[in-house]
Amino acid sequence: MSQFDLSAFEEEAHEKWAHAFESNPSRLEKFYINVAFPYPSGAMHVGHGRTYIVPDVVARFWRMKGKQVLFPMAFHVTGAPVVGISKRIAKKDEKTIRLYRDLYRVPQNVLDEFVDPLTIVKHFAAEYQRVMTACGLSIDWRRRFITVDPSYSKFIEWQWKHLYEAGHVIKGAHPVRYCTVDENPVGDHDLLEGDKAEVIKFTLVMFRYGDAFIPTATLRPETIHGVTNLWANPSVTYVKAMVDGKAWIVSKEAAEKLALQDHTVEIREEIKGSELVDKKVSHPLCGEITILPAEFVDPDMATGMVMSVPAHAPFDYIALRDLQQAGRYKDIKPIPLIRVEGYGEVPAQFAVEKAGIKNQMDSRMDALTQEIYSAEFSKGKLFEKYGGKPVRVARDDVAALMTEKYDSVVMYEFDVRPVVCRCGNRVKVKILHDQWFLKYSDPAWKQEVSDQLKDMTLVPPEVRVEFDRTVDWLKDWACTRRVGLGTKFPWDTQQLIEPLSDSTVYMAYYTIAHRIKDLDSKLLTPAVFDYIFLGKKSEDLPEKKKLDAMREEFLYWYPYDFRFSAKDLISNHLTFQIFHHCTVFAGQKDKLPKGMVVFGMGLLNGAKMSSSKGNVFLLEDAVKEFGGDTVRMFLMGSAEPWQDFDWRNELVLSTKKQIERFHNTVMEIKDATGEPHDIDRWLASRLQSHIAKTTEALDNFQTRQALQEAWFGIETDLKWYRRRLPKDCDGSRELHELCSVWVRLLAPFIPFTGEHLWKELAGEGLISFAPWPKMDAQQVNEKAELSEELLARTVEDVESIKKLIQISPKAITIALAPEWKHEVFRTIAQASDKNSVVKEIMKDEKMRKRGREATDAAKQITTLIHRLPPYVVGPLVQDPISERDVFESAKGFLEQEFGVPVHIVEAEASGHVKALTALPFKPSIIIE
RNA sequence: GCGAGAAUAUCUAAGUGGCCAACAGAGGCAGACUCAAGAUCUGUUCCCGUAGGGGUUCGCAGGUUCGACUCCUGCUUCUCGCACCA
């Protein structure tokens, strides 16, 4: 007999599967699924495992259902992160080296080569493929590619040609977070600090100071009329610099920033902050004012000079108050210019006093500033003499006016500081030129995408709102980069196509990926792809035969049926790909994506998995330690795909025991030779419902639900079945068929064990391609199920009574309800109004004669009907079973169970008081 | 802050108006088998109960209803996304 040895099963299966899942167009109906391909910059952990195992289970399911399934895989290697990694490794960065050497266990000689970024991705791509195979993924590896393959680049160029011609690729300028040391834009993941910081657009209000300007940054240009003074920090070093040919006075830091934002900056001299104090400046809209000293002014915030509006800005109000309390600048009065209900004459003063704030250092100052800012913006109105407009209108008007007439310019700055790059340098805002964008803001393009989304199947359905919102909110996307790996941007070969933008229609490329390897990439002109994917004929196409084969393959597979991905890609990749499909396959509705399945995230021992924090469990280790099937079953069974799941080693271990139990059970019962009993009909009937429910669950991608049915559902039934068998019998020969069905239902989840057991069962070919079990309505036996239900409930009741009374019984009597109670049962069950039905019943002469007994019974039966599930009540009314037959035929079983003689009597004939409580489907039980 | 989702017994988790003291699994406890361990099987796992019953529960506070884990309102807590990047 076969011993349970997962690693032996795995070895067996891998041999058989070597090329089994290479899938070509055939006469069968196709089913094409794909997953967001991985960026292999590190080892796979168990969280990745689920991402690829879910689609594999789905692929295996549909394959058994008789579809021609395509499940390809490739590797996304374009982008900047590995470049950073290789630089850090070259610099011998301890943290990075520890991660790669200790956690990912990269051998030293390989690690040495990681100074070349491509080596990193190639190394891990190979590892991914190895681990994916170890997990039993049924991937067609012939179609594997990486996104820097020359042929793929040609494909991307073709794709972009279409985007460009459709007018979706535009050129512009763009403020980005920028590191002056790395000379690169900085993404969230490259930040040590300030990852929440947003770039905000300030208006610089230009105050005249002698022959120079002092620019102050404000978000509230409309308050210019209320400016009473400027603030300068006496201990800060300012500079006089020629900015675009004019003299400006700003902080040293600001000068550096302005240079990054489209200004020519030449520093002429340094000026101490203290020298500026008490000097006069002027602005046409507020006249001449004085520069006052203030320590709160941050030289790293915008220009390092601040305009003061004490009537509307709490900070300004308090700073001024403090100076005045020290006896200085007594003649300056706040100038209110905005009326906002509930904040008195001078809002800043009102709010500060109401909050009881004593000085500038109070921690509530930021919140208070925000409060006034919002209140005035949403409800405030300028005084009549300043135009009387609502703040939200006036703000833009004044800003425009100042830009036009009074030399105001825009300056970008972060709302939260500091923002620090991983290299340790302060990040600044830089305006990038020659920056290209994908115009996702285009309403017409958005419309196409929304229309397509309406026709797509989204799993789970709740994610639809998120997609809709994303389409709505998407702005132009900067789609070119200066560093990283990738395809050159065709209209500016100094730049690369940004990595999210080069992975949006590659699902189409999979259909031809294995064939295109036969062609020299030099031949791959746009015309070639136009022919393969769009059917556009043109002169002089090379290798026509090969192209025709590719065209045919594309037509067979496309569009894809489902794309799988984790939910964090909704707001970018998953939505982008629809945009791109809509353009590349414009006018070809039948080539647009059909559905998406979105996953939840993975936890490890209750905490988020994170490579950088070391909170990961490598998938390869998991497979080695527990076996591929165990890992698969655990990941599929612990939660539905879209829910978050938690990996815990101790739970995984018990999963392995379950698989072993399953294997052993099948081996034990598969060759049973006994004659079939009544109970076999029950088992067969139950099996049909498990088949139906498992199939339905998998149709809906509910892996957990499917496992519950196919696994525990059948196991529980089998336990009852074996309990019900006569002592000398260990099962009928029909169990062989049950095993065959059972193993096939579980094969998508535990294919290694499945393949092995299939062989043991003498199944034909590979189980991976065996027919999925079909429900056989002929075998559904409602009566048998009902009888067993009655029996099981009665046994349960007997057990619970036995436990309560704690005597050792000498005999058990089961008293069956009389026929008239069955009649009452049927009447009540069918009545629409359960309240008045009792009266109806009592109209009957026979019933009335029974008097109180009948009304009591009617009440009890009403309660009973409420408590019984509909699948019992329904059949009981339509086609009642004979309770006597059920118990008589199970008498042997009952006596065996209870170990005492069992008597079956009619309640009214027994004469026992307790017997009178007998109800339909709930006989009285008398224990003596 | 904005947007989306979630909160059920020791844990995972099913449950969209009466089938609910609440599926299933894991874990715990007890028993059987065994020299023992493991595996397996049986029972038990909110509280009370010597006849199948009763009581109190499904984040918190209210509400709708004959009836709510399920619907509504408010609150609290958690997770995810908020972009120039995989």
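The values are calculated or read from the model by the stated rules, or taken from the named source; none is laboratory data. Please read all numbers here as calculations on a predicted model, not as lab measurements. In this analysis, Cβ positions are derived from the backbone assuming ideal geometry, glycine residues included, and neighbour counts consider all displayed protein chains. Ligands, DNA and RNA are excluded from the accessible area calculation, which covers all protein heavy atoms including side chains. Shrake-Rupley method; radii C 1.70, N 1.55, O 1.52, S 1.80 Å.
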Being open to solvent by 10 Å² or more (accessible area, probe 1.4 Å), among the polar types (S, T, N, Q) and within 16 Å of RNA strand B (Cβ to nearest atom) is the filter here, so list the residues in region A:550-604 that pass it. A:Ser571, A:Asn572
Working only within region A:129-138, note down all residues that are open to solvent by less than 10 Å² (accessible area, probe 1.4 Å) and part of a loop (DSSP other than H, G, I, E, B). A:Cys135, A:Gly136, A:Ser138
Return yes or no: is A:Phe752 open to solvent by less than 20 Å² (accessible area, probe 1.4 Å) and at pLDDT 95 or above? yes
Output yes when any residue across region A:706-714 is touching a residue at least 40 places away in the same chain (Cβ under 8 Å), surrounded by 17 or more Cβ atoms within 10 Å (Cβ to Cβ) and more than 33 Å from the chain's Cα centre (by Cα), and no when none is. no
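Residue by residue, here is whether (1) acidic (Asp, Glu); (2) surrounded by 16 or more Cβ atoms within 10 Å (Cβ to Cβ); (3) out of contact with any Lys or Arg (no Cβ under 7 Å at 6 or more places or on another chain) holds:
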{"site": "A:Lys95", "(1), (2), (3)": "no, no, yes"}
{"site": "A:Val106", "(1), (2), (3)": "no, yes, yes"}
{"site": "A:Glu127", "(1), (2), (3)": "yes, yes, yes"}
{"site": "A:Asp140", "(1), (2), (3)": "yes, yes, yes"}
Taking region A:405-441 and keeping only residues that are under 18 Å from A:Asp182 (Cβ atoms) and aliphatic (A, V, I, L, M), one is left with A:Val419, A:Val420, A:Val427, A:Val429, A:Ile431, A:Leu432
If you check A:Glu785 against the conditions, is it open to solvent by 60 Å² or more (accessible area, probe 1.4 Å), out of contact with any strand residue (DSSP E or B) (no Cβ under 6 Å at 6 or more places or on another chain) and outside any strand (DSSP E or B)? no
Can you confirm whether A:Asp468 is of a type outside the set (Lys, Arg), within 11 Å of RNA strand B (Cβ to nearest atom), surrounded by fewer than 14 Cβ atoms within 10 Å (Cβ to Cβ) and not in a strand (DSSP E or B)? no
State which residue pairs qualify: first residue among the polar types (S, T, N, Q) and inside region A:318-346, second residue open to solvent by 40 Å² or more (accessible area, probe 1.4 Å) in any location, beta carbons under 6 Å apart, and separation of 6 or more residues or different chains. A:Gln324/A:Lys330
Which numbered condition A:Thr303 fails, given (1) under 30 Å from A:Gly172 (Cα atoms); (2) among the polar types (S, T, N, Q); (3) open to solvent by 10 Å² or more (accessible area, probe 1.4 Å): (3)
Give region A:689-701 a look and list any residue that's part of a helix (DSSP H, G or I), polar (S, T, N, Q) and open to solvent by 10 Å² or more (accessible area, probe 1.4 Å), or say none. A:Ser689, A:Thr695
With respect to A:Glu823, is the statement that it is open to solvent by 30 Å² or more (accessible area, probe 1.4 Å), part of a helix (DSSP H, G or I) and within 16 Å of RNA strand B (Cβ to nearest atom) true? no
Residue count, region A:708-748, condition outside any loop (DSSP other than H, G, I, E, B), of a type in the set (Lys, Arg) and more than 16 Å from RNA strand B (Cβ to nearest atom), comes to 1
Within the bounds of region A:219-240, is there any residue that is small (Gly, Ala, Ser) and in contact with a Leu (Cβ under 8 Å, 6 or more places away or on another chain)? yes
Residues in region A:835-869 that are within 16 Å of RNA strand B (Cβ to nearest atom) and either at pLDDT 75 or above or surrounded by 16 or more Cβ atoms within 10 Å (Cβ to Cβ) (or both) total 16
Could you check A:Thr78 against (1) more than 24 Å from A:Asn615 (Cα to Cα); (2) more than 16 Å from RNA strand B (Cβ to nearest atom) and say which number it fails? (2)
Working only within region A:354-373, note down all residues that are open to solvent by 50 Å² or more (accessible area, probe 1.4 Å) and within 15 Å of A:Thr223 (Cα to Cα). A:Tyr373
Among A:Asp502, A:Asp476, A:Asp492, A:Asp530, the single one that is over 20 Å from the mean Cα position of the chain (by Cα), closer than 29 Å to A:Gly172 by Cβ and surrounded by 19 or more Cβ atoms within 10 Å (Cβ to Cβ) is A:Asp502
Quick one: how many residues across region A:53-68 are open to solvent by less than 10 Å² (accessible area, probe 1.4 Å) and either without any contact (Cβ under 8 Å) to a residue 60 or more places away in the chain or touching a Leu at 6+ places or on another chain (Cβ under 9 Å) (or both)? 8
Single unsatisfied condition, A:Ser374 versus (1) free of Cβ contacts under 8 Å to residues at least 24 places away in the same chain; (2) part of a loop (DSSP other than H, G, I, E, B): (2)
